[in-house]
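Below is one structure, written out as C-alpha coordinates, with a few remarks after it.
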Amino acid sequence: MKKTIVPPAVIGILGGGQLGRMMALEAKAMGYRVVTLDPTNDSPCGQVADQQIIADFDDLRAAESLGKIADIVTYEFENVSSDVAKIIQRNSYLPQGYSLLYTTQNRLREKRAVEQAGCKVAPYVEIKSLNDFQQGIVSLGLPAVIKTVEGGYDGKGQKVLKTSGDALKVQNELDFNDGIYILEKFIPYVMEFSVIIARRPSGEQKAFPVVENIHRDNILHMSIAPARVCKEIAIEAENIARKIAEHLNLVGLLAIEMFLQENGEIFVNELAPRPHNSGHFTQQGCLTSQFEQHIRAVCNLPLGDPEIIRPTVMVNILGKDLPLVLKAMPSMDPRIKVHIYGKAEARSLRKMGHLNVVTDSLEESIRLIKELGLG
(Lines give C-alpha, C1' and ligand atoms only; values in the text may rest on other atoms or scores of the structure.)
Protein backbone atom coordinates (compact mmCIF):
# COMPACT_ATOMS: atom_id res chain seq x y z
CA MET A 1 0.00 0.00 0.00
CA LYS A 2 1.55 3.31 -1.10
CA LYS A 3 -0.16 5.81 1.17
CA THR A 4 0.87 9.44 1.26
CA ILE A 5 0.65 10.96 4.75
CA VAL A 6 0.29 14.74 4.96
CA PRO A 7 0.05 17.19 7.91
CA PRO A 8 -1.54 17.45 10.40
CA ALA A 9 -1.33 13.66 10.66
CA VAL A 10 0.16 12.14 13.82
CA ILE A 11 3.56 10.45 13.46
CA GLY A 12 4.40 7.86 16.11
CA ILE A 13 8.09 7.35 16.94
CA LEU A 14 9.28 4.18 18.66
CA GLY A 15 12.14 5.40 20.82
CA GLY A 16 12.73 8.63 22.69
CA GLY A 17 16.43 9.27 22.13
CA GLN A 18 18.25 11.97 20.20
CA LEU A 19 17.47 10.53 16.77
CA GLY A 20 13.77 10.60 17.63
CA ARG A 21 14.14 14.15 18.97
CA MET A 22 15.67 15.49 15.76
CA MET A 23 13.18 13.51 13.68
CA ALA A 24 10.30 14.99 15.71
CA LEU A 25 11.61 18.56 15.33
CA GLU A 26 11.65 18.22 11.54
CA ALA A 27 8.21 16.58 11.52
CA LYS A 28 6.72 19.38 13.61
CA ALA A 29 8.33 22.02 11.39
CA MET A 30 6.49 20.38 8.49
CA GLY A 31 3.17 20.55 10.37
CA TYR A 32 2.85 17.00 11.72
CA ARG A 33 2.02 16.09 15.29
CA VAL A 34 4.26 13.64 17.11
CA VAL A 35 3.77 10.96 19.77
CA THR A 36 6.71 8.93 21.08
CA LEU A 37 6.98 5.72 23.08
CA ASP A 38 9.93 5.37 25.45
CA PRO A 39 10.44 4.08 29.01
CA THR A 40 12.31 7.22 30.11
CA ASN A 41 10.29 10.10 31.51
CA ASP A 42 11.23 13.44 29.91
CA SER A 43 13.20 11.68 27.17
CA PRO A 44 14.98 13.78 24.52
CA CYS A 45 12.20 13.07 22.01
CA GLY A 46 9.49 13.36 24.66
CA GLN A 47 10.64 16.92 25.41
CA VAL A 48 9.67 18.09 21.92
CA ALA A 49 6.84 15.66 21.05
CA ASP A 50 3.17 16.49 21.50
CA GLN A 51 2.74 13.37 23.62
CA GLN A 52 4.91 10.68 25.19
CA ILE A 53 3.78 7.19 26.14
CA ILE A 54 6.05 6.09 28.99
CA ALA A 55 6.41 2.33 28.69
CA ASP A 56 8.92 -0.39 27.91
CA PHE A 57 9.49 -1.24 24.26
CA ASP A 58 8.09 -4.75 24.76
CA ASP A 59 4.89 -3.47 26.37
CA LEU A 60 2.23 -4.77 23.97
CA ARG A 61 -0.55 -2.66 25.46
CA ALA A 62 1.55 0.50 25.04
CA ALA A 63 2.34 -0.50 21.45
CA GLU A 64 -1.37 -0.90 20.82
CA SER A 65 -1.99 2.59 22.24
CA LEU A 66 0.73 4.08 20.03
CA GLY A 67 -0.76 2.38 16.97
CA LYS A 68 -4.21 3.75 17.71
CA ILE A 69 -3.03 7.33 18.33
CA ALA A 70 -0.65 7.56 15.36
CA ASP A 71 -1.59 7.68 11.68
CA ILE A 72 1.88 6.38 10.81
CA VAL A 73 4.68 4.87 12.92
CA THR A 74 8.45 4.87 12.42
CA TYR A 75 11.36 4.02 14.69
CA GLU A 76 14.66 5.53 15.80
CA PHE A 77 16.31 2.21 16.71
CA GLU A 78 16.07 -1.28 15.29
CA ASN A 79 15.63 -3.54 18.33
CA VAL A 80 11.84 -3.71 18.13
CA SER A 81 10.26 -7.08 18.85
CA SER A 82 8.16 -8.83 16.22
CA ASP A 83 5.14 -8.84 18.55
CA VAL A 84 5.29 -5.06 18.95
CA ALA A 85 5.75 -4.54 15.21
CA LYS A 86 2.78 -6.80 14.42
CA ILE A 87 0.51 -4.89 16.81
CA ILE A 88 1.56 -1.56 15.29
CA GLN A 89 1.04 -2.85 11.76
CA ARG A 90 -2.43 -4.04 12.75
CA ASN A 91 -3.49 -0.78 14.40
CA SER A 92 -1.59 1.81 12.40
CA TYR A 93 0.64 2.15 9.34
CA LEU A 94 4.29 1.00 9.56
CA PRO A 95 5.61 1.75 6.05
CA GLN A 96 9.09 0.41 6.81
CA GLY A 97 7.51 -2.94 7.66
CA TYR A 98 8.98 -5.60 9.91
CA SER A 99 11.09 -7.36 7.26
CA LEU A 100 13.70 -4.56 7.25
CA LEU A 101 13.91 -4.69 11.05
CA TYR A 102 14.14 -8.47 11.05
CA THR A 103 17.08 -8.41 8.64
CA THR A 104 19.09 -5.64 10.31
CA GLN A 105 18.53 -6.86 13.89
CA ASN A 106 20.74 -9.86 13.23
CA ARG A 107 24.28 -9.62 11.88
CA LEU A 108 24.10 -12.97 10.10
CA ARG A 109 20.86 -12.14 8.29
CA GLU A 110 22.24 -8.69 7.50
CA LYS A 111 25.45 -10.02 5.94
CA ARG A 112 23.57 -12.58 3.89
CA ALA A 113 21.24 -9.86 2.62
CA VAL A 114 24.20 -7.68 1.61
CA GLU A 115 25.74 -10.61 -0.26
CA GLN A 116 22.42 -11.35 -1.97
CA ALA A 117 22.39 -7.73 -3.13
CA GLY A 118 25.69 -8.41 -4.89
CA CYS A 119 27.93 -6.51 -2.45
CA LYS A 120 31.01 -7.62 -0.51
CA VAL A 121 31.32 -8.23 3.22
CA ALA A 122 34.31 -9.46 5.21
CA PRO A 123 34.65 -13.28 5.19
CA TYR A 124 32.77 -14.67 8.19
CA VAL A 125 31.57 -17.84 9.90
CA GLU A 126 28.65 -18.54 12.20
CA ILE A 127 29.73 -19.63 15.70
CA LYS A 128 27.34 -21.94 17.55
CA SER A 129 29.85 -23.91 19.61
CA LEU A 130 33.40 -23.88 20.92
CA ASN A 131 34.42 -26.17 18.07
CA ASP A 132 32.94 -23.70 15.55
CA PHE A 133 35.01 -20.94 17.15
CA GLN A 134 38.25 -22.91 17.05
CA GLN A 135 37.67 -24.03 13.46
CA GLY A 136 36.75 -20.45 12.51
CA ILE A 137 40.05 -19.14 13.86
CA VAL A 138 41.86 -21.73 11.73
CA SER A 139 39.88 -20.99 8.56
CA LEU A 140 39.83 -17.17 8.79
CA GLY A 141 43.14 -16.65 10.55
CA LEU A 142 44.10 -13.79 12.82
CA PRO A 143 43.42 -10.96 13.32
CA ALA A 144 39.67 -11.52 13.46
CA VAL A 145 36.64 -9.94 15.14
CA ILE A 146 34.14 -11.85 17.30
CA LYS A 147 30.69 -10.25 17.55
CA THR A 148 27.36 -11.04 19.12
CA VAL A 149 24.79 -11.76 16.42
CA GLU A 150 22.22 -9.44 17.98
CA GLY A 151 22.54 -6.23 19.98
CA GLY A 152 25.68 -4.17 20.39
CA TYR A 153 26.53 -0.62 19.29
CA ASP A 154 29.46 1.79 19.61
CA GLY A 155 31.83 -1.18 19.79
CA LYS A 156 29.82 -3.06 22.43
CA GLY A 157 29.28 -6.76 21.81
CA GLN A 158 32.49 -7.23 19.81
CA LYS A 159 36.20 -7.83 20.36
CA VAL A 160 39.22 -7.77 18.07
CA LEU A 161 41.38 -10.90 18.36
CA LYS A 162 44.94 -10.09 17.36
CA THR A 163 46.81 -13.08 18.79
CA SER A 164 46.21 -16.71 19.72
CA GLY A 165 46.29 -15.52 23.34
CA ASP A 166 43.37 -13.19 22.63
CA ALA A 167 41.46 -16.07 21.04
CA LEU A 168 42.14 -18.38 24.00
CA LYS A 169 40.95 -15.75 26.47
CA VAL A 170 37.77 -15.02 24.52
CA GLN A 171 36.84 -18.67 24.00
CA ASN A 172 36.55 -19.04 27.78
CA GLU A 173 34.13 -16.09 27.88
CA LEU A 174 31.74 -17.22 25.13
CA ASP A 175 28.28 -18.17 26.40
CA PHE A 176 26.45 -20.33 23.87
CA ASN A 177 23.40 -20.55 26.12
CA ASP A 178 22.93 -16.84 25.55
CA GLY A 179 22.98 -17.03 21.75
CA ILE A 180 25.28 -17.45 18.80
CA TYR A 181 28.17 -15.36 17.53
CA ILE A 182 29.75 -14.34 14.27
CA LEU A 183 33.48 -14.43 13.59
CA GLU A 184 34.76 -12.08 10.89
CA LYS A 185 38.14 -11.79 9.24
CA PHE A 186 39.66 -8.44 10.18
CA ILE A 187 39.75 -6.18 7.13
CA PRO A 188 42.67 -3.71 7.10
CA TYR A 189 41.28 -0.46 5.77
CA VAL A 190 42.50 3.04 5.00
CA MET A 191 39.15 4.69 5.66
CA GLU A 192 35.72 3.97 7.08
CA PHE A 193 32.92 5.85 5.39
CA SER A 194 29.17 5.68 5.15
CA VAL A 195 26.38 6.46 2.75
CA ILE A 196 22.87 7.31 3.89
CA ILE A 197 20.21 6.59 1.31
CA ALA A 198 16.50 7.37 1.36
CA ARG A 199 13.77 5.52 -0.48
CA ARG A 200 10.01 6.02 -0.40
CA PRO A 201 7.19 3.57 -1.20
CA SER A 202 6.89 4.96 -4.74
CA GLY A 203 10.44 3.69 -5.41
CA GLU A 204 12.13 7.10 -5.61
CA GLN A 205 15.51 7.06 -3.89
CA LYS A 206 18.25 9.61 -3.19
CA ALA A 207 21.64 9.24 -1.51
CA PHE A 208 23.49 11.77 0.61
CA PRO A 209 27.17 12.42 -0.17
CA VAL A 210 29.70 9.89 1.10
CA VAL A 211 30.90 10.85 4.59
CA GLU A 212 34.24 9.90 6.16
CA ASN A 213 34.09 8.58 9.73
CA ILE A 214 36.78 8.69 12.43
CA HIS A 215 36.32 6.70 15.65
CA ARG A 216 37.82 6.95 19.12
CA ASP A 217 37.40 4.11 21.62
CA ASN A 218 34.92 2.46 19.21
CA ILE A 219 32.66 5.54 19.32
CA LEU A 220 32.18 7.80 16.32
CA HIS A 221 34.18 10.94 17.03
CA MET A 222 34.11 12.89 13.78
CA SER A 223 32.37 12.75 10.41
CA ILE A 224 33.88 14.66 7.48
CA ALA A 225 31.65 15.56 4.54
CA PRO A 226 32.34 15.11 1.75
CA ALA A 227 34.64 12.15 2.38
CA ARG A 228 38.20 12.68 1.17
CA VAL A 229 38.00 10.07 -1.59
CA CYS A 230 38.22 10.22 -5.37
CA LYS A 231 35.11 10.56 -7.50
CA GLU A 232 35.25 6.91 -8.65
CA ILE A 233 35.22 5.60 -5.06
CA ALA A 234 32.34 7.91 -4.13
CA ILE A 235 30.30 6.72 -7.12
CA GLU A 236 30.99 3.07 -6.28
CA ALA A 237 29.95 3.60 -2.64
CA GLU A 238 26.67 5.21 -3.73
CA ASN A 239 26.05 2.36 -6.18
CA ILE A 240 26.49 -0.15 -3.34
CA ALA A 241 23.95 1.78 -1.26
CA ARG A 242 21.45 1.78 -4.12
CA LYS A 243 21.82 -1.97 -4.69
CA ILE A 244 21.18 -2.73 -1.01
CA ALA A 245 18.23 -0.30 -0.79
CA GLU A 246 16.56 -1.94 -3.77
CA HIS A 247 17.23 -5.47 -2.54
CA LEU A 248 15.73 -4.70 0.88
CA ASN A 249 12.79 -2.84 -0.65
CA LEU A 250 13.74 0.00 1.65
CA VAL A 251 11.28 2.58 2.94
CA GLY A 252 12.80 5.39 4.99
CA LEU A 253 16.52 5.83 5.59
CA LEU A 254 19.30 3.27 5.51
CA ALA A 255 22.86 4.01 6.68
CA ILE A 256 25.51 1.73 5.17
CA GLU A 257 28.90 1.68 6.89
CA MET A 258 31.76 0.61 4.63
CA PHE A 259 35.50 -0.07 4.75
CA LEU A 260 37.84 1.13 1.99
CA GLN A 261 40.96 -0.95 1.43
CA GLU A 262 44.22 0.44 0.05
CA ASN A 263 43.59 -1.27 -3.32
CA GLY A 264 40.23 0.54 -3.67
CA GLU A 265 38.08 -2.47 -2.75
CA ILE A 266 34.99 -1.67 -0.65
CA PHE A 267 33.48 -3.96 1.99
CA VAL A 268 30.12 -3.35 3.67
CA ASN A 269 30.40 -3.43 7.46
CA GLU A 270 26.97 -2.73 8.97
CA LEU A 271 23.49 -1.39 8.16
CA ALA A 272 21.19 0.84 10.21
CA PRO A 273 17.58 1.32 8.99
CA ARG A 274 17.11 4.83 10.39
CA PRO A 275 18.81 8.22 10.66
CA HIS A 276 22.43 7.73 11.70
CA ASN A 277 25.07 9.52 13.75
CA SER A 278 27.23 9.95 10.64
CA GLY A 279 24.38 11.80 8.95
CA HIS A 280 24.15 14.65 11.46
CA PHE A 281 26.30 16.82 9.18
CA THR A 282 23.28 17.10 6.86
CA GLN A 283 21.51 19.45 9.30
CA GLN A 284 23.72 22.35 8.26
CA GLY A 285 25.70 20.85 5.39
CA CYS A 286 22.96 19.79 2.97
CA LEU A 287 19.88 21.33 1.41
CA THR A 288 17.81 18.62 3.13
CA SER A 289 18.68 17.08 6.50
CA GLN A 290 18.60 13.32 7.01
CA PHE A 291 15.75 13.79 9.52
CA GLU A 292 13.54 15.72 7.10
CA GLN A 293 14.39 13.18 4.40
CA HIS A 294 13.33 10.31 6.66
CA ILE A 295 9.97 11.94 7.35
CA ARG A 296 9.49 12.61 3.64
CA ALA A 297 10.39 9.01 2.78
CA VAL A 298 8.10 7.24 5.25
CA CYS A 299 5.23 9.64 4.47
CA ASN A 300 5.76 9.06 0.71
CA LEU A 301 6.41 12.72 -0.06
CA PRO A 302 8.85 13.74 -2.82
CA LEU A 303 12.37 13.37 -1.49
CA GLY A 304 14.37 16.52 -0.82
CA ASP A 305 17.59 17.47 -2.59
CA PRO A 306 20.49 15.86 -0.65
CA GLU A 307 23.16 18.02 -2.30
CA ILE A 308 25.91 19.23 0.02
CA ILE A 309 26.02 23.03 0.33
CA ARG A 310 29.42 23.52 1.96
CA PRO A 311 32.07 21.24 3.49
CA THR A 312 30.93 20.22 6.98
CA VAL A 313 32.57 18.42 9.90
CA MET A 314 30.49 16.84 12.66
CA VAL A 315 31.94 16.08 16.10
CA ASN A 316 30.13 14.17 18.82
CA ILE A 317 29.89 15.83 22.24
CA LEU A 318 30.34 13.13 24.89
CA GLY A 319 29.55 13.60 28.57
CA LYS A 320 33.20 14.36 29.32
CA ASP A 321 33.17 17.09 26.63
CA LEU A 322 29.93 18.80 27.60
CA PRO A 323 31.31 21.22 30.26
CA LEU A 324 33.98 22.39 27.80
CA VAL A 325 31.41 23.05 25.07
CA LEU A 326 28.96 24.85 27.35
CA LYS A 327 31.75 27.04 28.73
CA ALA A 328 32.87 27.97 25.21
CA MET A 329 29.40 28.79 23.85
CA PRO A 330 29.29 32.51 24.83
CA SER A 331 32.34 33.23 22.65
CA MET A 332 32.09 30.40 20.15
CA ASP A 333 32.71 30.98 16.43
CA PRO A 334 29.25 31.36 14.85
CA ARG A 335 30.18 28.86 12.15
CA ILE A 336 30.02 26.17 14.86
CA LYS A 337 26.43 24.95 15.32
CA VAL A 338 25.68 23.24 18.64
CA HIS A 339 23.04 20.54 19.06
CA ILE A 340 22.37 19.39 22.66
CA TYR A 341 20.07 16.41 23.18
CA GLY A 342 18.50 17.15 26.57
CA LYS A 343 19.65 13.97 28.33
CA ALA A 344 19.44 14.13 32.11
CA GLU A 345 22.70 12.39 32.99
CA ALA A 346 26.03 13.29 31.36
CA ARG A 347 28.01 10.04 31.67
CA SER A 348 31.61 10.24 30.43
CA LEU A 349 31.23 8.36 27.11
CA ARG A 350 27.52 9.06 26.58
CA LYS A 351 26.56 11.07 23.49
CA MET A 352 25.13 14.32 24.83
CA GLY A 353 25.09 16.32 21.61
CA HIS A 354 27.11 17.19 18.54
CA LEU A 355 28.67 20.11 16.69
CA ASN A 356 28.39 20.85 12.99
CA VAL A 357 31.17 23.10 11.72
CA VAL A 358 30.49 24.69 8.34
CA THR A 359 33.24 26.68 6.63
CA ASP A 360 34.68 27.11 3.16
CA SER A 361 37.10 24.19 3.66
CA LEU A 362 37.39 21.00 5.67
CA GLU A 363 40.81 22.14 6.90
CA GLU A 364 39.31 25.32 8.38
CA SER A 365 36.53 23.35 10.08
CA ILE A 366 38.98 20.88 11.61
CA ARG A 367 41.15 23.78 12.82
CA LEU A 368 38.17 25.32 14.65
CA ILE A 369 37.40 21.98 16.28
CA LYS A 370 41.00 21.63 17.50
CA GLU A 371 40.94 25.18 18.89
CA LEU A 372 37.83 24.23 20.82
CA GLY A 373 39.70 21.30 22.34
CA LEU A 374 37.72 18.54 20.65
CA GLY A 375 40.15 17.66 17.86
Near pairs, Cβ below 6 angstrom, 6+ apart or cross-chain, from the range 190-211 (farther than 22 Å from VAL315 by Cα) to any residue that is among the small types (Gly, Ala, Ser): ALA198/ALA297; ARG199/ALA245; ARG200/ALA297; GLN205/ALA245; LYS206/ALA198
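Among the residues of the range 106-135, count how many are farther than 14 Å from LEU254 by Cβ and under 21 Å from the mean Cα position of the chain (by Cα). It would help to see each step written out before you state the result.
Step one: filter the range 106-135 for residues farther than 14 Å from LEU254 by Cβ, giving 106-109, 111-112, 115-116, 118, 120-135.
In the following step, the residues that additionally are under 21 Å from the mean Cα position of the chain (by Cα) were identified as 106-109, 111-112, 115, 120-122.
Total satisfying the criteria: 10.
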From the options ILE196, ILE235, ILE187, residue that is modelled with pLDDT of 95 or more, over 18 Å from the mean Cα position of the chain (by Cα) and either outside the structural domain of ILE72 (by TED's automatic domain parsing) or part of a loop (DSSP other than H, G, I, E, B) (or both): ILE235
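Residues checked against (1) surrounded by 20 or more Cβ atoms within 10 Å (Cβ to Cβ); (2) touching a residue at least 40 places away in the same chain (Cβ under 8 Å); (3) not in a strand (DSSP E or B):
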| position | (1), (2), (3) |
| --- | --- |
| VAL114 | yes, yes, yes |
| GLN134 | no, no, yes |
| SER139 | no, no, yes |
| LYS169 | no, no, yes |
| GLU173 | no, no, yes |
| ASP178 | no, no, yes |
| LEU183 | yes, yes, no |
Boolean, GLU262 is among the charged types (D, E, K, R) and either touching a strand residue (DSSP E or B) at 6+ places or on another chain (Cβ under 8 Å) or part of a helix (DSSP H, G or I) (or both): no
Those residues of the range 225-262 which are without any contact (Cβ under 8 Å) to a residue 24 or more places away in the chain and of a type in the set (A, V, I, L, M), in sequence order: ILE235
In the range 141-167, the residues that are of a type in the set (Lys, Arg) and either surrounded by 12 or more Cβ atoms within 10 Å (Cβ to Cβ) or at pLDDT 95 or above (or both): LYS147, LYS159, LYS162
Tally, over the range 234-251, of residues that are more than 18 Å from ARG274 (Cα to Cα) and buried (at least 16 other Cβ atoms within 10 Å of the Cβ): 3
Check on GLU265, touching a residue at least 12 places away in the same chain (Cβ under 8 Å), surrounded by fewer than 20 Cβ atoms within 10 Å (Cβ to Cβ) and under 21 Å from PHE193 (Cα atoms): yes
Failed condition for ILE295, given (1) touching a strand residue (DSSP E or B) at 6+ places or on another chain (Cβ under 6 Å); (2) among the β-branched types (Val, Ile, Thr); (3) part of a helix (DSSP H, G or I): (1)
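The values are calculated or read from the model by the stated rules, or taken from the named source; none is laboratory data. Quick caveat, the model's predicted, so the values are computed rather than measured. Glycine also receives a Cβ, built like all others from the backbone with ideal geometry; neighbour counts cover every protein chain displayed.
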